[in-house]
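I have placed the structure first, in the form of structure tokens, so that the comments after it can refer back to it.
Throughout, read-outs are computed from the coordinates displayed, never taken from laboratory work. Predicted model, so just to flag it, every value in this text is computed and none were measured. Ideal geometry is used to build each Cβ from the backbone, glycine not excepted, and the neighbour counts take in all protein chains shown.
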Amino acid sequence: MFQLNDNYLKLPGSYLFSTIGRKVNEYTKAHPDKRVIRLGIGDVTQPLAPVIIEALHKAVDEMGCAETFRGYAPDLGYDFLRNAIAENDYKKRGCNISADEIFVSDGAKCDSANIQEIFGLNNKIAVCDPVYPVYVDSNVMAGRTGVYDKETETWSDVIYMPCVVENNFAPMLPKKTPDLIYLCFPNNPTGAVVNKDQLQEWVDYANKVGAVILYDAAYEAYISEENVPHSIYECEGARTCAIELRSFSKNAGFTGVRLGFTVVPKDLKCGDVALHSLWARRHGTKYNGAPYIIQRAGEAVYSEEGREQLRKQVAYYMNNAKYILEGLKSAGYTVSGGINAPYIWLKAPGKMTSWEFFDYLLENANVVGTPGSGFGPSGETYFRLTAFGSYENTVEAVNRIKALQF
Ligand code: MLT
């Protein structure tokens, strides 16, 4: 008789955004006359930029012609894209990352879930609290997190680093020593950032204790302030302790197109084994590469026109962020984020829990957000709104929230 991977049975509830999707579907089914505005999941709403559409069309035509047709992509990514990434995302920022240290994939979500596979099961992970649920859930599935405590909503073998108002939602170095440290800046869900000195402290710490930092920089395009690092490789010594995850979803609207990449520097080693070779082996065995058509679209992101069109797209969303931030502040809400990130993190009014506020907002304002407690216990009583809606919907949602009486 076959057996299950019992670790899956330890997962409490369903994936956060699936639960929200189900609740919203139930509500809309019961109230077909209500126009629900979704500012929950961080999914983009603006169409792909013209330069990307052009690149997609061209690549599709190439696939229809024997001379230019492509079959399997190289499993680590086409050179044209890896070179464009190395040049634009790293060399131009003074980071020493070469094209062959970049692994192209179909998105940062999968990479951030899969990367733990190359580490031993006894490694202790440290995560921010609140945190993007994929980091913890993927480690639960692997059997690395110990026992779940329903009361505290924590795992016995996970080191939680509370990100709360007192530390500006930036984690402190943990008291217990971790082996793998998940960091995400600009942060999902709080929208917080760390400056270069703060990130350098993490790099120095990881090098000192022999830990690896898994650095999720999916939202780097939203950084608007000076002295906020766009990449962990801006820090001295990051090549020996950090893996960076990047996405085309948020900077270029590829949530439905799927493209991302992971950087594993060749200097990052365990003894004399380079993690680069392990991740390459994993990619080679389990992955046939992101589609040629999509990688050509990714290349267009780095063209001069592409950069200009996407700068405007990011500015559009950040204008929404400003509207939410200022609108809710003027209505008396405690709000943060939204300056270097497309997420606004607010405190639920009165003594409401995150889920109570979720239900209240859905029913009374027909606005969907994400309950902070879904990201971890320190997210309780908080709530996340995304700036990825249309401007019109964002304005309407904020006005509806402002009209509520508590
Ligand atoms: C979120 O809403 O947190 C993100 O959209 C999730 C993701 O990027 O996978």
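Taking every alpha-carbon pair in the stretch 54-302 and binning the separations at 5 Å intervals from zero gives 1, 6, 13, 18, 19, 16, 12, 7, 4, 2, 1, 0, 0 percent.
When His57, His230 are arranged by Cβ crowding within 10 Å, least crowded first, meaning fewest neighbours, the order is His57, His230.
Computed over every Cα-Cα pair of the stretch 261-404 and binned at 5 Å starting from 0, the pair-distance distribution P(r) comes out as 2, 9, 13, 15, 12, 9, 10, 12, 10, 6, 2, 0, 0 percent. For the Cα trace of the stretch 84-135, dividing Rg by the Kirkwood Rh returns an Rg/Rh value of 1.06. Ordered by the count of other Cβ atoms within 10 Å of each Cβ, fewest first, Trp345, Trp355, Trp279 give Trp355, Trp279, Trp345. Among the GluC sites (Glu not before Pro) in the stretch 82-159, those located in a DSSP loop and surrounded by at most 12 other Cβ atoms within 10 Å of their own Cβ are Glu151. Applied to the stretch 22-34, the Karplus parametrisation 6.51 cos²θ - 1.76 cosθ + 1.60 on θ = phi - 60° returns per-residue 3J(HN,Hα) values of 5, 4, 5, 4, 4, 5, 5, 5, 6, 10, x, 7, 8 Hz, with x for Gly and Pro. Close amide H pairs (under 5 Å, H built 1.01 Å from N) link Val367 with Ile37, Leu362, residues at least 5 positions away or on another chain. Projecting the alpha carbon convex hull of the stretch 165-248 along each direction and taking the average yields 5.5 nm².
3J(HN,Hα) along the stretch 189-203: x, 7, x, 6, 10, 10, 8, 4, 5, 5, 5, 4, 4, 5, 5 Hz, from the Karplus curve 6.51 cos²θ - 1.76 cosθ + 1.60 with θ = phi - 60°, whole Hz, x for Gly and Pro. Taking the Kirkwood radius as Rh and the Cα radius of gyration as Rg, the stretch 1-145 has a ratio of Rg/Rh equal to 1.05. Extent along the principal axes, Cα only, for the stretch 209-268: 38, 27, 16 Å, with the longest axis given first. The HN-Hα couplings worked out from phi for the stretch 395-406 by the Karplus form 6.51 cos²θ - 1.76 cosθ + 1.60 (θ = phi - 60°) are 4, 4, 5, 5, 5, 5, 5, 5, 7, 6, 10, 10 Hz, whole numbers, x standing for Gly and Pro. Pairs exceeding a 32 Å alpha-carbon distance, out of Lys92/Lys208; Lys34/Lys347; Lys150/Lys351; Lys175/Lys347; Lys23/Lys347; Lys266/Lys312: Lys266/Lys312. For Ile181, the residues whose amide H sits under 5 Å from its own are Ala126, Val212, Ile213, Leu214, ignoring neighbours fewer than 5 places away on the same chain, with H placed 1.01 Å from N.
Secondary-structure-derived ellipticity at 222 nm for the chain, considering helices only, amounts to -11000 deg cm²/dmol, per-run term -39500 (n - 2.57) for DSSP H runs with n ≥ 4.
Arranged from fewest to most other beta-carbon atoms within 10 Å of their beta carbon, Ile41, Ile232 become Ile41, Ile232.
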